[in-house]
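Visitor: Pasting a structure below so you can have a look.
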Amino acid sequence: MRGTRADGSTLMSKGGTPVYSAFFQQSSFATHAIANERYMVKVRKDAPLELLGPFACSGQTGAGAVLNSMQPRAGDSFAVFGVGAVGLSGLMAAKIAGCDPIIAVGVHDDRLALARALGATHAINHRGRSDVVAEIRSITGDGVRFSLETSAQPAVFREAVEALIAAGTCVLLGSARSGTEVSFEMPFLQFGRVVRGVIQGESHPQEFIPRLVDFLMQGKMPVDRMIRSTRLPRSIARRRTPRGERRSSRCCACPIEPVETAAIRAACARDNGAGPHRLRGPLPAGAPTEPWTSLMRRSIRA
């Protein structure tokens, strides 16, 4: 999230000052992008490109954790903690694998309703409850064979582990801040339970993303159900479009919370909070203070 390439360098500069653009190796508000050849993925020609963006991050992270890492068999029980874009991707993959039951745990009724529509057999609203593990055991008997943790909350992570049957596996996907700790009872883990972390679904994107696209085209992974279009703040839309180009002020957003620059946050405030933007914490030292695309365009012109 430093806005640099892997070696710490930046793609562009202006007047000798670095221009930061590669946040998580992408710039989501950019009109144009420069990509490394090894990051390119070839997809089928009849695929709707406007729906494929989520597969590169949340899609392969959630679905890959299930299909590549867990590799469940039909009839294996499954629970997902957190039903944002990553959790829902994992849930749809669990349905593809034939898991049953599929239990979705979250705190938003609308997302839990979407989880049911996408394949969850049960939905549990965690808000204000301390008996989630007991509820899962009442559904399954002894617990689930697989659990997927996407919330990055230590207490929820512990529940995802405690919901396992003996020899069950919990995969951690939620990214917590450095220094975040969680504890488990050692005797509970001794009964063969496995706790592991997974990055980007342990996938080979050039092979796995086309597989996810096939699932989309077959109606098995309808990511369009978790995508919505929203208008960019007017000030950003004006600044991001050079004179003479066709203006587009709409973008797609999955149910996630992107880190943004101070100027984007301020622009949203000026435009009455338009857009799904919310800053999670302080900006890193040296981060830009105006929209990335504005910096990129002015640096290219220079």
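Visitor: Of all residues in region 65-81 being in contact with a strand residue (DSSP E or B) (Cβ under 6 Å, 6 or more places away or on another chain) and closer than 19 Å to residue 223 by Cα, which is surrounded by the fewest Cβ atoms within 10 Å (Cβ to Cβ)?
Guide: Ranking the qualifying residues of region 65-81, first place goes to 81.
Visitor: Let me ask something additional. Return a yes/no flag: does region 87-101 have any residue that is under 19 Å from the mean Cα position of the chain (by Cα), buried (at least 20 other Cβ atoms within 10 Å of the Cβ) and assigned to a loop (DSSP other than H, G, I, E, B).
Guide: There is no residue in region 87-101 that is under 19 Å from the mean Cα position of the chain (by Cα), buried (at least 20 other Cβ atoms within 10 Å of the Cβ) and assigned to a loop (DSSP other than H, G, I, E, B).
Visitor: Would region 75-92 turn up any residue that is modelled with pLDDT of 95 or more, touching a His at 6+ places or on another chain (Cβ under 7 Å) and over 22 Å from residue 205 (Cβ atoms)?
Guide: No.
Visitor: Somewhere in region 201-220, is a residue in contact (Cβ under 8 Å) with a residue 40 or more places away in the chain and surrounded by fewer than 12 Cβ atoms within 10 Å (Cβ to Cβ)?
Guide: The answer is no, given that none of the residues of region 201-220 is in contact (Cβ under 8 Å) with a residue 40 or more places away in the chain and surrounded by fewer than 12 Cβ atoms within 10 Å (Cβ to Cβ).
Visitor: Mind listing whichever residues of region 102-135 are surrounded by 12 or more Cβ atoms within 10 Å (Cβ to Cβ) and basic (Lys, Arg)?
Guide: 111, 116, 129
Visitor: How many residues are outside any loop (DSSP other than H, G, I, E, B) and surrounded by 11 or more Cβ atoms within 10 Å (Cβ to Cβ) if we restrict to region 165-178?
Guide: Filtering region 165-178 for residues outside any loop (DSSP other than H, G, I, E, B) gives 165-172.
Now narrow it down to the ones that are surrounded by 11 or more Cβ atoms within 10 Å (Cβ to Cβ): 165-166, 168-172.
Selection size over region 165-178: 7.
Visitor: For residue 162, state whether it is surrounded by fewer than 21 Cβ atoms within 10 Å (Cβ to Cβ), charged (D, E, K, R) and in contact with a helix residue (DSSP H, G or I) (Cβ under 6 Å, 6 or more places away or on another chain). If you could, list the steps in order and put the result at the bottom.
Guide: On the way: surrounded by fewer than 21 Cβ atoms within 10 Å (Cβ to Cβ): yes; charged (D, E, K, R): yes; in contact with a helix residue (DSSP H, G or I) (Cβ under 6 Å, 6 or more places away or on another chain): yes.
Against the criterion (surrounded by fewer than 21 Cβ atoms within 10 Å (Cβ to Cβ), charged (D, E, K, R) and in contact with a helix residue (DSSP H, G or I) (Cβ under 6 Å, 6 or more places away or on another chain)), residue 162 qualifies.
Visitor: Report every pair of residues separated by at least 6 positions or lying on different chains whose Cβ atoms are under 7 Å apart, first residue within region 34-57 and within 29 Å of residue 4 (Cβ to Cβ) and in contact (Cβ under 8 Å) with a residue 60 or more places away in the chain, second surrounded by 10 or more Cβ atoms within 10 Å (Cβ to Cβ) and polar (S, T, N, Q).
Guide: As it stands, the answer is 41/206, since those pairs meet every condition given.
Visitor: Which residues, taken from region 126-149, are part of a strand (DSSP E or B) and either basic (Lys, Arg) or more than 20 Å from the chain's Cα centre (by Cα) (or both)?
Guide: Filtering region 126-149 down to residues part of a strand (DSSP E or B) leaves 144-149.
Within region 126-149, 144, 145 meet the criteria.
Visitor: Here are some residues: 79, 63, 104, 85. Which one is closer than 24 Å to residue 132 by Cα, in contact with a Lys or Arg (Cβ under 8 Å, 6 or more places away or on another chain) and either in contact (Cβ under 8 Å) with a residue 60 or more places away in the chain or of a type in the set (Gly, Ala, Ser) (or both)? Quick ask: steps written out before the conclusion?
Guide: Details: 79 fails: in contact with a Lys or Arg (Cβ under 8 Å, 6 or more places away or on another chain); 63 fails: in contact with a Lys or Arg (Cβ under 8 Å, 6 or more places away or on another chain); 85 fails: in contact with a Lys or Arg (Cβ under 8 Å, 6 or more places away or on another chain).
The conditions single out 104.
Visitor: Considering only residues of region 179-200 that are part of a helix (DSSP H, G or I) and free of Cβ contacts under 8 Å to residues at least 40 places away in the same chain, which is nearest to residue 168 (Cα to Cα)?
Guide: As a first pass, look at region 179-200 and keep what is part of a helix (DSSP H, G or I): 186-189, 200.
When the remaining residues are screened for being free of Cβ contacts under 8 Å to residues at least 40 places away in the same chain, the result is 186-189.
Working: 186: 15, 187: 14, 188: 11, 189: 10 Å.
Step by step, filter region 179-200, then rank; the result is 189.
Visitor: Of the residues that sit in region 42-82 and are assigned to a loop (DSSP other than H, G, I, E, B) and in contact with a Leu (Cβ under 9 Å, 6 or more places away or on another chain), which one is nearest to residue 170 (Cα to Cα)?
Guide: Filtering region 42-82 down to residues assigned to a loop (DSSP other than H, G, I, E, B) leaves 42-48, 52, 57, 71-77, 82.
After this cut, where a residue has to be in contact with a Leu (Cβ under 9 Å, 6 or more places away or on another chain) as well, the list is 43, 47-48, 52, 82.
Values: 43: 31, 47: 33, 48: 33, 52: 28, 82: 14 Å.
Applying the filter and picking the extreme gives 82.
Visitor: Then there's this: Could you list, in sequence order, all residues of region 150-164 that are of a type in the set (A, V, I, L, M) and assigned to a loop (DSSP other than H, G, I, E, B)? Before you say what the answer is, go through the steps one by one.
Guide: Taking region 150-164 and keeping what is of a type in the set (A, V, I, L, M), we get 152, 155-156, 160-161, 163-164.
Matches in region 150-164: 152, 163.
Visitor: It is to be established whether one or more residues within region 179-195 are modelled with pLDDT of 95 or more, within 19 Å of the chain's Cα centre (by Cα) and of a type in the set (A, V, I, L, M).
Guide: Checking region 179-195: not a single residue is modelled with pLDDT of 95 or more, within 19 Å of the chain's Cα centre (by Cα) and of a type in the set (A, V, I, L, M).
The values are calculated or read from the model by the stated rules, or taken from the named source; none is laboratory data. Here the structure is a predicted model, which is why all the values come from computation and not from measurement. Backbone-built Cβ (ideal geometry, glycine too); neighbour counts: all protein chains shown.
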